[in-house]
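The values are calculated or read from the model by the stated rules, or taken from the named source; none is laboratory data. Not measured: the values here are computed from a predicted model. Here the Cβ positions follow ideal geometry from the backbone for every residue, glycine too, while neighbour counts run over all protein chains shown. SASA here: full protein model, heavy atoms, side chains in, ligands and nucleic acids out. Shrake-Rupley method; radii C 1.70, N 1.55, O 1.52, S 1.80 Å.
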Amino acid sequence: MADLPELGEILLRANLALAVAVAGVMVLRLPVRRLFGARIAYGLWILPPLAVLAMLVPARVVTVRLAAAAMEATETALPSAGTVPGAAPFDALPWLVGLWLAGVAACLAWQTWRQLRFARAARAGRAGPAVVGLLRPRVVTPADFAQRYTPAEREVVLAHEQVHLERGDPAINAGLALLTCVNWFNPAAHAMSHWLKIDQELACDARVVAAHPKARKAYAQAMLKTQLAARPIPLGCHLSSHPLAERVRLLTRPAPSRARRLAGAGLTVTLALAGAVGAWAARPARLALVYETPAASAPEGAAIQRAAYSPSAPRAPSPPARPAKPRGPAARTEAKATAEPLVAAAAPTLEPIRPPGLQRPARIIQAVADRSLVQPGSAVRVVASGLAPDGIALWSDFTAFGSQRLYRKGAYERGGSRYSVFTSVVQEGERLRVTVSLGRAFRPELTGSIDLLPGQTGIVRMPTGQAMVVTATVRPETPEEVEEGRRMIEHGDAGWG
């Protein structure tokens with residue numbers, strides 16, 4: 001599940017896309033109506049939901065691989081082991097989320113009150129003509145419908161409401177009301193709610209007049225009579241809820257030809273698809289930084305671990321570099337390492353250690369298990385440890401199984417930090433692609449990767465500057481583990497971690 005910052009980012013992106021799309025429709029609706037008719041202009045309102053959907057689809061991912069020299073340049077960004085994390089800044093996000101939820105609840109309450117008020121008036125015969133209902137929409141007419149309207153007027157009024165039923169307009173208006181409540185703070189959502197319903201009624205008028213070309217006068221008189229007894233309805237389609245003068249004026253215009261309407265429909269579809277693709281392409285690509293470095297030797301790795309879990313220990317200055325002696329073949333291998341993915345050097349005796357005092361037993365953990373892919377018959381264990389950006393020690397130990405991808409076994413510890421270290425592994429022959437993330441969402445700005453061989457240890461430099469010590473080991477999957485995985489696939493009783 002996405003955390004609060006990620007949900008806020010999604011909501012912001014969707015509202016920005018909605019505002020831009022609504023502005024575009026507002027610019028196009030009048031010229032499109034003049035050229036192609038009211039029904040084509042109504043179709044333009046497909047652009048805002050498609051633009052919002054484009055913001056919810058995962059963005060492009062660009063993977064950037066950095067060599068060891070680039071990683072060393074970020075060494076100064078690492079926090080000192082003796083640094084005491086300062087007081088956490090005030091987090092306004094929970095308050096903003098609470099304010100947003102309060103606004104959604106108030107808007108829903110207001111819409112519900114208006115709907116109930118209209119329903120009471122309809123039962124008393126004082127509301128209509130209108131289409132009400134979502135699951136079972138129906139036409140509602142006032143008690144004096146037969147006396148107020150002439151037979152010709154009644155015919156076009158009922159034809160108008162029947163068009164609403166055939167097009168599914170009540171469901172569209174219900175979704176529009178929900179969109180307005182969720183985005184109550186966005187003026188574009190309220191503008192869309194207002195102008196979409198106007199174009200909806202104009203499109204309905206155009207279809208009724210096309211089917212009853214000799215009833216224009218009766219239609220105009222019926223709209224005038226209905227306008228005098230208007231009762232707004234949030235979830236439904238009311239004949240009188242929109243500008244009367246504009247609707248009557250459009251009744252006098254000749255309908256566009258069928259060829260022109262088809263051309264307008266094709267243009268609308270093309271514009272909608274181009275807008276959605278353009279909105280998706282305009283999103284910033286998700287940057288996946290992959291730091292690939294040789295593994296530390298056993299003494300160096302042990303020193304890093306001691307520094308990570310000893311807050312009081314001062315950080316030792318780096319000794320001056322000694323000029324390396326040329327070694328022939330070895331020198332050539334090192335030169336090639338910057339052009340190819342680096343594989344950590346073997347250090348089978350080094351393994352990330354668990355912070356002191358932690359005795360968490362291994363358990364079934366379902367979170368992000370589907371990110372790992374292990375060959376059948378194998379079990380891959382990944383142990384990671386290091387400091388979070390807030391200076392708190394993190395640790396995790398997960399084992400993924402080749403017989404299933406529903407869960408892993410292991411444990412993790414975050415010591416009260418807002419971050420937690422999660423890992424995934426993809427086994428490709430002898431190579432293990434290990435990805436380390438400071439959270440379950442695996443956001444690119446909190447994620448790094450490294451290639452290891454079984455039994456090797458490497459250091460993953462995170463985009464935040466932290467160094468994570470990672471060890472990956474491979475063993476055969478036991479018959480008990482295979483049976484356990486088969487049983488949980490059949491019964492679906494894997495617990496959440």
TODO: Determine whether THR141 is without any contact (Cβ under 8 Å) to a residue 60 or more places away in the chain, buried (at least 18 other Cβ atoms within 10 Å of the Cβ) and among the hydroxyl-bearing types (Ser, Thr, Tyr).
DONE: yes
For region 408-455, the count of residues that are under 11 Å from VAL380 (Cβ atoms), under 27 Å from the mean Cα position of the chain (by Cα) and aliphatic (A, V, I, L, M) equals 3
Only one of (1) under 21 Å from ASP390 (Cα atoms); (2) touching a Gly at 6+ places or on another chain (Cβ under 9 Å); (3) not β-branched (Val, Ile, Thr) does not apply to GLU445, and that is (2)
Result of the Cβ filter at 7 Å on region 471-497, keeping first residues that are modelled with pLDDT under 80 and partners that are buried (at least 17 other Cβ atoms within 10 Å of the Cβ) and assigned to a helix (DSSP H, G or I), at least 6 apart or interchain, is ALA494/MET488
Selection over region 436-474 where residues are buried (at least 21 other Cβ atoms within 10 Å of the Cβ) and small (Gly, Ala, Ser) yields a count of 6
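Considering each of MET55, MET71 in turn, give the residue that is modelled with pLDDT of 85 or more and within 30 Å of SER449 (Cβ to Cβ).
It is MET55.
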Practice item. Inspect all residues belonging to region 352-374 and state whether any of them is among the β-branched types (Val, Ile, Thr) and modelled with pLDDT under 50. Key: yes
message: Any residue at all in region 401-416 that's modelled with pLDDT of 70 or more, under 27 Å from GLY465 (Cβ atoms), open to solvent by less than 20 Å² (accessible area, probe 1.4 Å) and hydrophobic (A, V, I, L, M, F, W, C)?
response: yes
Of VAL163, VAL156, VAL182, the only residue that is modelled with pLDDT of 90 or more, hydrophobic (A, V, I, L, M, F, W, C), surrounded by fewer than 22 Cβ atoms within 10 Å (Cβ to Cβ) and farther than 28 Å from LEU12 by Cβ is VAL163
A careful count of residues in region 106-125 that are open to solvent by less than 30 Å² (accessible area, probe 1.4 Å) and more than 22 Å from VAL182 (Cα to Cα) gives 4
Flagged in region 19-49 as among the hydrophobic types (A, V, I, L, M, F, W, C), under 21 Å from ALA177 (Cα atoms) and crowded, with 21+ Cβ neighbours inside 10 Å, in numbering order, are ALA21, VAL22, VAL25, ALA41, LEU44, TRP45, LEU47
Please work out if GLY410 is part of a strand (DSSP E or B) and at negative phi.
no
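Among the residues of region 421-435, write down those that are in a loop (DSSP other than H, G, I, E, B) and surrounded by fewer than 19 Cβ atoms within 10 Å (Cβ to Cβ).
Within region 421-435, GLY429, GLU430 meet the criteria.
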Test VAL383 against the stated conditions and say whether it is crowded, with 18+ Cβ neighbours inside 10 Å, under 22 Å from the mean Cα position of the chain (by Cα) and not polar (S, T, N, Q).
no
